[in-house]
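The values are calculated or read from the model by the stated rules, or taken from the named source; none is laboratory data. Nothing here was measured: the structure is a model prediction, and the numbers come from that model. Note: accessible area is taken over every heavy atom of the protein model, side chains too, but ligands, DNA and RNA are not part of it. Shrake-Rupley method; radii C 1.70, N 1.55, O 1.52, S 1.80 Å.
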Amino acid sequence: QVQLVESGGGLVQPGGSLRLSCAVSGIIFGLYDMAWYRQAPGKQRELVAAIIRGVNTNYADSVKGRFTISRDNAKNTVYLQMNSLKVEDAAVYYCNVYRSGYWGQGTQVTVSS
């Protein structure tokens with residue numbers, strides 16, 4: 001059974017930072033590309049970042065230079081470091097085995113003063 005469990009969301013002021021974590025079980029983690037998506041109220045779910053072949057990274061234009069995706073294969077965990085957060089970054093963030101139907105339950109990120 002594949003499980004993805006996100007953590008690290010919360011309330012942060014504009015300009016602040018958060019690090020999201022996603023612990024993965026049920027697959028040979030190192031063999032899979034991973035991604036983070038987000039969905040804000042009334043909007044479609046969008047790709048935020050992906051890590052391909054363990055080293056290549058793709059980012060949405062809106063987060064380039066501020067967010068960093070990384071992974072630790074020894075811990076079966078993928079991370080999303082989010083810096084210089086903006087109000088428009090507020091959303092539920094989801095971890096995904098990239099291009100698969102495996103999703104986490106989501107973690108809420110709220111950016112507000």
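With a probe of 1.4 Å, find how much accessible area region 60-113 has per residue, and write the answer as a whole number in Å². That works out to 50 Å² for each residue. Taking every alpha-carbon pair under 8 Å whose residues sit at least 6 apart, the chain reaches a relative contact order of 37 percent.
The 1.4 Å probe gives accessible areas that order D61, D33, largest first, as D61, D33.
Accessible surface for S113 stands near 130 Å², nearest 10, in the context of the full protein assembly shown (1.4 Å probe).
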